[in-house]
Each structure stands twice: as C-alpha cells, then as structure tokens.
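Engineer: Shown below is the structure under consideration.
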Amino acid sequence: MFRPWHTAPVNREQMSHIAHSEHPIKSPLDDDSVRRLLERGLPTGEERVLDLGCGSGEWLLRALAARPGVHAEGVDISEDALARAADAARGLGVQDRLVLHHLKAEEFVSEEPFDAVLSFGAAHAFGGLLPTLAAARGHLAPGGRVLIGDGFWEGPPSQEAVGMLGNFTDLATTLDRVVADGWTPVDGHVSTRRELDDYEWACWGSLAAWALDHPGHPDSAQVLETATARRTEWLRDYRDTFGFVSLVLRRTPGSA
Ligand SMILES: C[S@@+](CC[C@H](N)C(=O)[O-])C[C@H]1O[C@@H](n2cnc3c(N)ncnc32)[C@H](O)[C@@H]1O
C-alpha cells in the first residue's frame, strides 16, 4: 500500500533522489561542462537525441530547454527517475518533444536512428565502455555523434575501488581503445578535481543533511549511516585514483 513519503521507508530510489538533490546531473560534471558538451554534441539544435540510462533526464531536459528544434528519447530501468523526468519536462513545457522508455537500455530498439546518442555514468549496464559504444552505434544516424562519460583510473586502484566502481583502465589506454574501435574524439573533458569532489560532497552531504533534518523518521539513522559509510569509502578507497572522462565521438571514416 502506498504510504506518504514522510513515513515511508527510504528505499534505494529515494536515497538516490535525496543524494542527487543538489547535483541533478548524476555524474561528476558541473553545469558549464554539461553545457559545453551539449554544444559540441548537438551543433545544429535540430537533432534527434537518445539517452541510454537517462535517469531523471537531466541531460535531455537541458538539451530540450535550450534548443526548440531538438526531439529526445530517454531509456532507463528506473520508473521513479523516469517519472521525475516526465514531471520536469511538463514543468519546462518540453513534454511534447520527449519520449521516455521504461526498459533496459540494451533492449531498446527504434525504427529511426538518432543524430546524437548520450550515455553518462551508465556504461556498467552494457558491460563497459566499448559495449556501450557498440550499442550507441546501432542507434546512430550517419554522421551522428556519441556523447559518453565513463570512469578511468588516474593511478593504480585499490581492490576495493575496482570492486565498487568497475574495471577501468588509465585515460590514455581508454582513448586508445575508443580510437581502435573506429571512433574519432572531436571533443572531450576530463572532470576536474573540483568537479569530482563537488559531486561526492553533494551526494553524501545531501543524504547526511536529510537525516539531520528528519530526526523523527524511522530511517533517519540508517540514512546517516549510509552517508557516512559512502563518504568514507570515497575518501579511503577511490578519491585518489578515480577519474571521469566525457567524450564527443564521431565514426572514423573507413571504419566498419
Ligand atoms: C549514474 S546514473 C546516470 C544518469 C544520467 N545519465 C546522468 O548522468 O544524470 C545511471 C543510470 O543508469 C540506469 N541504468 C542502470 N542499468 C540500466 C539498464 N540496464 N538500462 C537502462 N538504464 C540503466 C540507472 O537507473 C541510472 O538512472
């Protein structure tokens, strides 16, 4: 039975929503970086855009709000996040240009290709960066662009970091693999220390603040414990080694 939010247990979805309340882009990128990547990825402002693992649709909403000629589709497995995307789209008056699909991104099919395919922080859904690029390519119109963001290691990771975040490689090798796969990077961005730190502080700080603001909630202690545990994992296990790279890619001429 539905229970109002203030008495309902804090599930994973709600925890993620609280954690991202101050940082709606669920990747370590600030607003200027997102704007610049969208400018490079959507140069005409008339594109059909697909976001694989769109979450609450923040990338698509920004693309739609700034470009009246863009039409967008987003795919995600989180019903909750998609509902927030739909609400936000109505709030911005862009709902007629946004289609949301509640399904696994790897199962999404479309009859019409897309001029730009986005996927940020969702490569784990496909089993890594290259499988994500293979999926994106299947949806891409000739001459189209892929905007993708994924992790890399700035230095040798701890076993805990690999277990928690995935099996990345270093930045140069990441790019070598992307190029060998038939892509040409036409722009890119390596998240700064500030962007990486701001993202983590925003997530774990928002959770901690929520717990302090809801002392009578039955899950308040658990939320505070989670915030503390995640902040400690970040500081102890991966702050010094985790990096995040965003790329704007086009197919290399002559590649299969
Ligand atoms: C870190 S969030 C990134 C959200 C969004 N791209 C952004 O940058 O704000 C990862 C998203 O991938 C979604 N996801 C995970 N596995 C998925 C799958 N198999 N198919 C579609 N979405 C998936 C999650 O629900 C979540 O919304």
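Just so you know, all these numbers are worked out from the coordinates, no wet-lab data involved. This structure is a prediction, so every number in the text was calculated from the model and none was measured. Cβ atoms come from the backbone with ideal geometry, glycine included; neighbour counts cover every protein chain shown.
Engineer: Relative contact order (percent) for the range 1-136, with alpha-carbon contacts under 8 angstrom and 6 or more residues of separation?
Structural biologist: 24 percent
Engineer: Which of Phe152, Phe244, Phe120 comes first, and how do the rest follow, when ranked by fewest Cβ neighbours within 10 Å?
Structural biologist: On the way: Phe152 19, Phe244 22, Phe120 25.
The fewest-first ordering by Cβ neighbours comes to Phe152, Phe244, Phe120.
Engineer: What distance in nm lies between label points placed 7 Å from Cα along the C-beta direction at Arg236 and Leu212?
Structural biologist: It works out to 2.2 nm between the two label points.
Engineer: Let me ask you something else. From the square roots a ≥ b ≥ c of the eigenvalues of the alpha-carbon gyration tensor of the chain, which class results: rounded (a/c under 1.5), prolate (a/b over b/c), or oblate? Can you show the working numbers first?
Structural biologist: On the way: a/c = 2.01, a/b = 1.27, b/c = 1.58.
Since a/c reaches 1.5 but b/c is at least a/b, the shape of the chain is classed as oblate.
Engineer: For q = 0.13, 0.14, 0.18, 0.27 Å⁻¹, what log10 I(q)/I(0) does the range 67-147 give under the Debye formula with an equal point scatterer on each alpha carbon and no solvent?
Structural biologist: For the range 67-147 at q = 0.13, 0.14, 0.18, 0.27 Å⁻¹, log10 I(q)/I(0) is -0.43, -0.49, -0.82, -1.41.
Engineer: Tell me whether the range 48-93 comes out rounded, prolate or oblate; compute the Cα gyration tensor, take square roots of the eigenvalues as a ≥ b ≥ c, and use a/c under 1.5 as the rounded threshold.
Structural biologist: Cα axes put the range 48-93 in the oblate bin.
Engineer: Using 0.36 nm times the number of residues separating Gln159 and Ala221, minus their current alpha carbon distance, what extension gain do you get? Show your work: numbers first, answer last.
Structural biologist: Values: separation 62, 0.36 × 62 = 22.32 nm, distance 2.87 nm.
Full extension from Gln159 to Ala221 adds 19.4 nm.
Engineer: Roughly how many whole Å is it from the C-alpha centroid of the range 96-144 to that of the range 52-82?
Structural biologist: Rounded to whole Å, the Cα centres lie 12 Å apart.
Engineer: Could you state the per residue volume, in Å³, of the convex hull enclosing the Cα atoms of the range 152-235?
Structural biologist: Dividing the Cα hull volume of the range 152-235 by its residues yields 128 Å³.
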